[in-house]
Amino acid sequence: MRQRPILIAVVYFIAVIVLAHFFVPPIYDWTQNTVSDLASQGHTYKGIMQTGFIGFGLLLTWGVILYFNKYRRAYFLFFVAVYGLSILMSGIFCAAPIDPSYPNSVRESQLHSMFATVAGIAMSLGIFWQFAVSSNNRERWTRFAFFLLVIGISGLFGLAENHIMALDEGIVQRNLYLVGLAWLVYEERILNSGRETSK
(Lines give C-alpha, C1' and ligand atoms only; values in the text may rest on other atoms or scores of the structure.)
Protein backbone atom coordinates (compact mmCIF):
# COMPACT_ATOMS: atom_id res chain seq x y z
CA MET A 1 0.00 0.00 0.00
CA ARG A 2 1.39 3.38 -1.04
CA GLN A 3 1.92 6.11 1.51
CA ARG A 4 -0.43 9.07 1.20
CA PRO A 5 1.05 11.72 3.52
CA ILE A 6 -0.49 14.62 1.59
CA LEU A 7 -3.93 13.03 1.73
CA ILE A 8 -3.44 12.48 5.46
CA ALA A 9 -2.58 16.18 5.87
CA VAL A 10 -5.66 17.23 3.88
CA VAL A 11 -8.04 14.95 5.79
CA TYR A 12 -6.57 16.15 9.09
CA PHE A 13 -7.00 19.79 8.11
CA ILE A 14 -10.60 19.34 6.99
CA ALA A 15 -11.42 17.38 10.17
CA VAL A 16 -10.05 20.15 12.40
CA ILE A 17 -11.93 22.82 10.45
CA VAL A 18 -15.18 20.90 10.94
CA LEU A 19 -14.43 20.36 14.63
CA ALA A 20 -13.63 24.04 15.17
CA HIS A 21 -17.09 25.00 13.91
CA PHE A 22 -18.63 23.34 16.97
CA PHE A 23 -16.82 25.84 19.22
CA VAL A 24 -17.46 29.15 17.50
CA PRO A 25 -18.67 32.27 19.34
CA PRO A 26 -22.28 33.37 18.75
CA ILE A 27 -21.21 36.19 16.40
CA TYR A 28 -19.39 33.79 14.04
CA ASP A 29 -21.17 33.25 10.72
CA TRP A 30 -19.50 30.66 8.50
CA THR A 31 -20.83 32.31 5.35
CA GLN A 32 -19.20 35.62 6.26
CA ASN A 33 -16.30 34.70 8.55
CA THR A 34 -13.20 32.94 7.29
CA VAL A 35 -11.43 29.80 8.44
CA SER A 36 -8.75 32.10 9.87
CA ASP A 37 -11.41 33.64 12.10
CA LEU A 38 -11.77 30.24 13.78
CA ALA A 39 -8.34 30.99 15.29
CA SER A 40 -8.79 34.74 15.69
CA GLN A 41 -7.44 36.73 18.60
CA GLY A 42 -9.74 36.64 21.60
CA HIS A 43 -11.58 33.50 20.55
CA THR A 44 -11.73 31.18 23.57
CA TYR A 45 -11.19 28.05 21.48
CA LYS A 46 -8.79 29.48 18.92
CA GLY A 47 -6.29 26.77 19.86
CA ILE A 48 -8.34 24.18 17.97
CA MET A 49 -7.89 25.87 14.60
CA GLN A 50 -4.33 26.90 15.43
CA THR A 51 -3.60 23.20 15.90
CA GLY A 52 -5.20 22.64 12.51
CA PHE A 53 -3.02 25.17 10.73
CA ILE A 54 0.19 24.10 12.45
CA GLY A 55 -0.49 20.37 12.17
CA PHE A 56 -1.43 20.67 8.50
CA GLY A 57 1.74 22.60 7.78
CA LEU A 58 3.88 20.01 9.55
CA LEU A 59 2.18 17.03 7.91
CA LEU A 60 2.39 18.61 4.47
CA THR A 61 6.07 19.42 4.90
CA TRP A 62 6.70 15.85 6.06
CA GLY A 63 4.97 14.62 2.92
CA VAL A 64 7.11 16.89 0.74
CA ILE A 65 10.29 15.51 2.30
CA LEU A 66 9.16 11.91 1.76
CA TYR A 67 8.28 12.50 -1.89
CA PHE A 68 11.33 14.60 -2.70
CA ASN A 69 13.59 11.84 -1.39
CA LYS A 70 11.96 9.58 -3.99
CA TYR A 71 11.30 12.04 -6.81
CA ARG A 72 14.29 14.38 -6.97
CA ARG A 73 13.00 16.16 -10.08
CA ALA A 74 9.57 16.94 -8.66
CA TYR A 75 10.55 20.58 -8.19
CA PHE A 76 6.96 21.74 -7.64
CA LEU A 77 7.29 20.22 -4.17
CA PHE A 78 9.36 23.26 -3.23
CA PHE A 79 6.27 25.43 -3.70
CA VAL A 80 4.19 22.94 -1.72
CA ALA A 81 6.71 23.14 1.12
CA VAL A 82 6.55 26.95 1.14
CA TYR A 83 2.77 26.71 1.13
CA GLY A 84 2.74 24.27 4.04
CA LEU A 85 5.23 26.23 6.14
CA SER A 86 3.34 29.47 5.47
CA ILE A 87 0.09 27.87 6.64
CA LEU A 88 1.96 26.69 9.73
CA MET A 89 3.14 30.23 10.45
CA SER A 90 -0.36 31.63 9.89
CA GLY A 91 -1.44 29.32 12.71
CA ILE A 92 1.15 30.78 15.08
CA PHE A 93 0.07 34.34 14.37
CA CYS A 94 -3.69 34.86 14.75
CA ALA A 95 -6.06 36.89 12.64
CA ALA A 96 -7.68 40.04 13.99
CA PRO A 97 -10.48 39.41 16.50
CA ILE A 98 -14.00 39.14 15.12
CA ASP A 99 -15.32 40.64 18.38
CA PRO A 100 -14.64 44.40 18.11
CA SER A 101 -14.58 44.69 21.89
CA TYR A 102 -11.41 42.58 22.06
CA PRO A 103 -8.08 44.44 21.65
CA ASN A 104 -6.37 43.74 18.34
CA SER A 105 -2.64 43.09 18.04
CA VAL A 106 -2.17 44.74 14.65
CA ARG A 107 1.31 43.31 14.27
CA GLU A 108 0.07 39.75 14.84
CA SER A 109 -2.85 40.08 12.43
CA GLN A 110 -0.52 41.59 9.80
CA LEU A 111 1.87 38.66 10.13
CA HIS A 112 -1.05 36.25 9.80
CA SER A 113 -2.20 37.97 6.62
CA MET A 114 1.34 38.05 5.24
CA PHE A 115 1.88 34.32 5.70
CA ALA A 116 -1.57 33.55 4.30
CA THR A 117 -0.70 35.62 1.23
CA VAL A 118 2.65 33.86 0.80
CA ALA A 119 0.82 30.52 1.03
CA GLY A 120 -1.57 31.55 -1.73
CA ILE A 121 1.24 32.75 -3.99
CA ALA A 122 3.26 29.56 -3.42
CA MET A 123 0.29 27.35 -4.30
CA SER A 124 -0.47 29.37 -7.44
CA LEU A 125 3.15 29.10 -8.57
CA GLY A 126 3.17 25.37 -7.84
CA ILE A 127 0.07 24.79 -9.95
CA PHE A 128 1.44 26.91 -12.80
CA TRP A 129 4.77 25.08 -12.68
CA GLN A 130 3.04 21.75 -13.00
CA PHE A 131 0.89 23.08 -15.83
CA ALA A 132 4.01 24.21 -17.68
CA VAL A 133 5.80 20.84 -17.40
CA SER A 134 2.79 18.52 -17.86
CA SER A 135 3.62 15.39 -19.82
CA ASN A 136 0.23 15.02 -21.52
CA ASN A 137 -2.76 17.11 -22.50
CA ARG A 138 -5.08 15.66 -19.87
CA GLU A 139 -2.78 16.65 -17.02
CA ARG A 140 -2.06 20.02 -18.65
CA TRP A 141 -5.73 20.97 -18.98
CA THR A 142 -6.57 19.67 -15.51
CA ARG A 143 -3.84 21.82 -14.00
CA PHE A 144 -4.87 24.78 -16.10
CA ALA A 145 -8.38 24.42 -14.68
CA PHE A 146 -6.99 24.31 -11.14
CA PHE A 147 -4.88 27.40 -11.87
CA LEU A 148 -7.81 29.37 -13.27
CA LEU A 149 -9.99 28.40 -10.32
CA VAL A 150 -7.37 29.42 -7.75
CA ILE A 151 -6.65 32.74 -9.45
CA GLY A 152 -10.33 33.46 -10.07
CA ILE A 153 -11.52 32.59 -6.57
CA SER A 154 -8.57 34.47 -5.03
CA GLY A 155 -9.65 37.53 -6.99
CA LEU A 156 -13.22 37.16 -5.77
CA PHE A 157 -12.00 36.79 -2.21
CA GLY A 158 -9.99 40.00 -2.52
CA LEU A 159 -13.04 41.83 -3.84
CA ALA A 160 -15.18 40.46 -0.99
CA GLU A 161 -12.57 41.22 1.67
CA ASN A 162 -12.25 44.82 0.49
CA HIS A 163 -16.05 45.20 0.22
CA ILE A 164 -15.87 45.92 -3.50
CA MET A 165 -18.35 43.16 -4.29
CA ALA A 166 -21.16 41.90 -2.08
CA LEU A 167 -19.99 38.31 -1.74
CA ASP A 168 -20.07 35.89 1.19
CA GLU A 169 -16.42 36.04 2.20
CA GLY A 170 -16.54 32.84 4.24
CA ILE A 171 -18.02 30.80 1.40
CA VAL A 172 -15.57 32.20 -1.15
CA GLN A 173 -12.58 31.38 1.04
CA ARG A 174 -13.79 27.86 1.76
CA ASN A 175 -14.12 27.24 -1.97
CA LEU A 176 -10.57 28.48 -2.42
CA TYR A 177 -9.33 26.04 0.22
CA LEU A 178 -11.33 23.25 -1.40
CA VAL A 179 -9.73 23.80 -4.82
CA GLY A 180 -6.23 24.05 -3.34
CA LEU A 181 -6.59 20.90 -1.27
CA ALA A 182 -8.05 19.03 -4.25
CA TRP A 183 -4.99 20.02 -6.30
CA LEU A 184 -2.64 18.67 -3.62
CA VAL A 185 -4.45 15.32 -3.61
CA TYR A 186 -4.42 15.25 -7.43
CA GLU A 187 -0.66 15.80 -7.57
CA GLU A 188 -0.05 13.14 -4.94
CA ARG A 189 -2.05 10.66 -7.00
CA ILE A 190 0.14 11.38 -10.02
CA LEU A 191 3.31 11.02 -7.95
CA ASN A 192 2.13 7.67 -6.62
CA SER A 193 1.36 6.51 -10.15
CA GLY A 194 5.03 6.89 -10.98
CA ARG A 195 4.47 9.65 -13.54
CA GLU A 196 6.96 12.31 -12.49
CA THR A 197 6.12 15.38 -14.54
CA SER A 198 8.37 18.09 -13.12
CA LYS A 199 11.59 19.00 -14.85
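The values are calculated or read from the model by the stated rules, or taken from the named source; none is laboratory data. Since the structure is predicted, the reported quantities are computational estimates derived from the model, not experimental observations. Note that each Cβ is placed from the backbone with ideal geometry, even for glycine, and that neighbours are counted across all protein chains shown.
Per-residue answers, yes or no, for (1) surrounded by fewer than 19 Cβ atoms within 10 Å (Cβ to Cβ); (2) closer than 18 Å to GLN130 by Cα; (3) among the hydroxyl-bearing types (Ser, Thr, Tyr):
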| residue | (1), (2), (3) |
| --- | --- |
| PHE53 | no, no, no |
| PHE56 | no, no, no |
| TYR67 | no, yes, yes |
| ARG72 | yes, yes, no |
| TYR75 | yes, yes, yes |
| VAL80 | no, yes, no |
| LEU85 | no, no, no |
| LEU88 | no, no, no |
| GLY91 | no, no, no |
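For the range 159-199, filtering for residues that are at pLDDT below 90 and of a type in the set (Ser, Thr, Tyr) leaves 3.
Each row is one residue, and each column tells you yes or no for (1) surrounded by fewer than 16 Cβ atoms within 10 Å (Cβ to Cβ); (2) among the acidic types (Asp, Glu).
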site: SER113; (1), (2): no, no
site: ALA119; (1), (2): no, no
site: ILE127; (1), (2): no, no
site: ARG143; (1), (2): no, no
site: PHE146; (1), (2): no, no
site: LEU149; (1), (2): no, no
site: GLU161; (1), (2): yes, yes
site: ALA166; (1), (2): yes, no
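Of all residues in the range 70-93, those satisfying the criterion of being outside any helix (DSSP H, G or I) and either charged (D, E, K, R) or modelled with pLDDT under 95 (or both) are TYR71, ARG72, ARG73, ALA74, TYR75. One residue stands out among those in the range 43-69 that are touching a residue at least 40 places away in the same chain (Cβ under 8 Å) and either among the basic types (Lys, Arg) or not in a helix (DSSP H, G or I) (or both): the one that is nearest to ILE14 (Cα to Cα), which is LYS46.
Against the test of being acidic (Asp, Glu) and within 20 Å of the chain's Cα centre (by Cα), the options GLU139, GLU108 yield a single qualifying residue, GLU108.
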